[in-house]
Amino acid sequence: MPWPSRKRDKGAAADKKEPDAKIAKTEEETEDKEEEEKPTKPSAGGSKSGWKNWKKAKESDSGGEESKITYCHWLLKSEPESRLEKGVDVKFSIDDLKAQPNQTTFWDGVRNYQARNFLRAMKLGQQAFFYHSNCKEPGIVAIVKIVKEAYPDHTQFDQKDPHYDSSSRKENPKWSMVDVQFVRMTKRFIPLSEIKSHHLAHKADGGPLKNMMLFTRQRLSIQPLTQEEFDFVLSLEEEKPH
């Protein structure tokens, strides 16, 4: 059985240490512990080689038509380095996932209402980036897929689990989880700093990462991605590291 509660919204990495907006008006949100990142400025020319070439290729494929903005992919944050939370090590790296039976595990321990709602919106077969968070160099390391849609997270009822919730009831559980399976490693590590440089450039020129939730709602450990965001970030694996 996989280790308990190694994936959750508490402790999810972010760009800056700043108060998070309330997710639900009627529910209290657990405060997140953040990692601090030095701001990154786009290099001269921004992400011209990435965004402009990517856009040209996509227009060629679609006849220049803009895709409807929908969330059909995901980004899942997990901590690759040991950290104790209420006496339990919450470490869970991509190597830990690959070591699980059938390279599959449940994505438990999420205790943020918006992140939970994103879990509940996931559909069978959808793909997600596996993102190493709260570590020396955060970034995307692999692709996983959803192999079981949302169902009650058993850790909310386990008093020994660091994410036990005494207010949740089995007849109406507050928290959900999904099962994910390893698909493949990305061809190279895609660091947060590189993605951020494209995000900053795209904010100026209207590129696909201009509203990426990794930077607009960075505290969330479960984040949706549009097709355009997913495709562009995935295309970075083909480029040489900046």
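Can you figure out the FRET efficiency of Thr70 with Thr104, using R₀ = 25 Å and their beta-carbon distance, to the nearest 0.05? Numbers along the way, then the final one.
Values: r = 26 Å, r/R0 = 1.05.
Step by step, r from the Cβ atoms, then E = 0.45.
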Magnitude of the charge dipole, segment 86-242, Cβ model with Lys/Arg +1 and Asp/Glu -1, debye to 20: 320
Under 5 Å, built H, 5+ apart or other chain: amide partners of His73: Leu225
Vicinal HN-Hα couplings computed from phi for segment 117-125 (Karplus, 6.51 cos²θ - 1.76 cosθ + 1.60; Hz; Gly/Pro x): 5, 5, 4, 5, 8, 5, 10, 3, x
Nonlocal amide H pairs with Lys148, under 5 Å, H built at 1.01 Å: Asp179
Residue-count net charge about His154 - beta-carbon cut-off 10 Å; Lys, Arg +1, Asp, Glu -1: -3
Computed FRET value (nearest 0.05) for Lys174 with Lys240, which takes r as the C-beta separation and R₀ as 35 Å: 0.20
Extension gain, Ala121 back to Arg184 (0.36 nm per residue minus Cα-Cα distance, nm): 20.4 nm
Cβ-placed point charges (K, R +1; D, E -1), dipole of segment 110-203 about Cα centre in debye, nearest 20: 300
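Laboratory data are not the source of any read-out in this text; all were calculated from the coordinates shown. Note that the coordinates shown come from a computational prediction; the quantities given were computed from them, not determined experimentally. Virtual Cβ from ideal backbone geometry, glycine too; neighbours counted across all protein chains shown.
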